[in-house]
Amino acid sequence: MRKKVIVPSYQTLMKPVYSALKQLGGEADKDNIVYAVSSDLNIPISNINKANYAIGWSLTYLKKIEILEAGNKRGIWRIKKEFIDCNIEDIKKLIDERYKEYKDGAYRN
């Protein structure tokens, strides 16, 4: 019997997405981010569509909480300058804090 692989939720993926983007030089397209996160988390190719979907939402929320921004070219995601040199533990705390604030109504236009 095959073991069922569960793709993490977009909330859970926000930190691995940030880490992958940082490893990719702070700026990358979604396909490269999906590949990096899937490789880091050992998500099998059979679940890549689910991973792509969840990672897309992670990117969206990281932008909404102002950790990421759009790059200069269409389809490029970039870590904002003020967060590019943060250590991973600090950025994890910041993502948790900002996401909670977002859910409570902050960061909305």
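The values are calculated or read from the model by the stated rules, or taken from the named source; none is laboratory data. Fair warning: this is a prediction, and the values are worked out from it, not measured in the lab. As a convention, Cβ positions derive from the backbone with ideal geometry for all residues, glycine included, and neighbour counts pool all protein chains shown.
Residue by residue, here is whether (1) of a type outside the set (Lys, Arg); (2) at pLDDT below 90; (3) exposed (fewer than 15 other Cβ atoms within 10 Å of the Cβ); (4) not in a helix (DSSP H, G or I) holds:
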| site | (1), (2), (3), (4) |
| --- | --- |
| Gly56 | yes, no, no, no |
| Leu59 | yes, no, no, no |
| Trp77 | yes, no, no, yes |
| Glu82 | yes, no, yes, no |
| Lys93 | no, no, yes, no |
| Arg98 | no, no, no, no |
| Tyr107 | yes, yes, no, yes |
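Would you please name the residue that is surrounded by the fewest Cβ atoms within 10 Å (Cβ to Cβ), looking only at residues in the stretch 61-75 that are in contact (Cβ under 8 Å) with a residue 40 or more places away in the chain and part of a loop (DSSP other than H, G, I, E, B)?
Among those that are in contact (Cβ under 8 Å) with a residue 40 or more places away in the chain and part of a loop (DSSP other than H, G, I, E, B), it is Gly75.
Does at least one position in the stretch 18-30 carry a residue that is within 24 Å of Asp104 (Cβ to Cβ) and of a type outside the set (Gly, Ala, Ser)?
Yes, the conditions are met somewhere in the stretch 18-30.
Within the stretch 59-77, is there a residue that is over 14 Å from the mean Cα position of the chain (by Cα) and of a type in the set (A, V, I, L, M)?
Within the stretch 59-77, not a single residue is over 14 Å from the mean Cα position of the chain (by Cα) and of a type in the set (A, V, I, L, M).
So which residues in the stretch 40-49 are within 14 Å of the chain's Cα centre (by Cα) and not in a loop (DSSP other than H, G, I, E, B)?
Result: Asp40, single match.
List the pairs whose first member sits in the stretch 80-103 and is free of Cβ contacts under 8 Å to residues at least 60 places away in the same chain and within 18 Å of Thr12 (Cα to Cα), whose second member is surrounded by fewer than 13 Cβ atoms within 10 Å (Cβ to Cβ) and not hydroxyl-bearing (Ser, Thr, Tyr), and whose Cβ atoms are under 6 Å apart, counting only residues at least 6 apart or on separate chains?
Sorted first by the residue in the stretch 80-103, then by its partner, the list stays empty.
Take the residues in the stretch 9-54 that are out of contact with any Asp or Glu (no Cβ under 8 Å at 6 or more places or on another chain) and in contact (Cβ under 8 Å) with a residue 60 or more places away in the chain, then tell me which one is surrounded by the fewest Cβ atoms within 10 Å (Cβ to Cβ).
Gln11
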